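Q: My questions all concern the structure below.
The values are calculated or read from the model by the stated rules, or taken from the named source; none is laboratory data. These numbers were taken from a predicted model, which means no experiment stands behind them. Calculation scope for accessible area: heavy atoms of the full protein, side chains included, ligands and nucleic acids excluded. Shrake-Rupley method; radii C 1.70, N 1.55, O 1.52, S 1.80 Å.
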Amino acid sequence: LLLGIFFNVHSAVLIDDVPFTEQDFQDGPDRIYGLYEQVSYNCFIAAGLYLLLAALSLCQARLQRRKEYLVR
């Protein structure tokens, strides 16, 4: 989530992780900013998937714990 935020504010430290070509620099900063935003959206999607997976894992752990109590 934090990486998505930092990419969204166009952090200069993360320029190595932005997929750009030499032609992208000729068009001005708007193309590079667009690439930053594209990478930030990908980070937000990945964070959402991690959150969904964590919620599913937590539900499964609680169901598994409940089954242990019913067996005994």
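Q: Expressed as a whole percentage, what fraction of the accessible surface of the chain belongs to carbon and sulfur atoms when a 1.4 Å probe is rolled over the protein heavy atoms? Intermediate values should be presented prior to the final figure.
A: Working: 3770 of 6130 Å².
Here carbon and sulfur together make up 61 percent of the probe-accessible area.
Q: Taking semi-axes √(5λ) of the Cα gyration tensor in Å straight from the coordinates, which label in (i) 17, 13, 11; (ii) 43, 9, 8; (iii) 24, 16, 9 is the correct one?
A: Checking each listed value against the structure points to (ii).
Q: Also: With a probe of 1.4 Å, find how much accessible area the chain has per residue, and write the answer as a whole number in Å². Spell out each step's value before the answer.
A: Numbers: 6130 Å² over 72 residues.
Heavy-atom accessible area per residue stands at 85 Å².
Q: Tell me, what ³J(HN,Hα) does each residue in segment 18-33 have, in order and in whole Hz, if you take phi through Karplus 6.51 cos²θ - 1.76 cosθ + 1.60 with θ = phi - 60° and put x for Gly and Pro?
A: 9, x, 10, 10, 5, 5, 5, 6, 6, 7, x, x, 5, 5, 5, 5
Q: Moving on to the next point. Please list, in order along segment 5-11, the HN-Hα scalar couplings obtained from phi with the Karplus expression 6.51 cos²θ - 1.76 cosθ + 1.60 (θ = phi - 60°), rounded to whole Hz, x for Gly and Pro.
A: Values per residue, Gly and Pro as x: 5, 5, 5, 5, 8, 6, 5 Hz.
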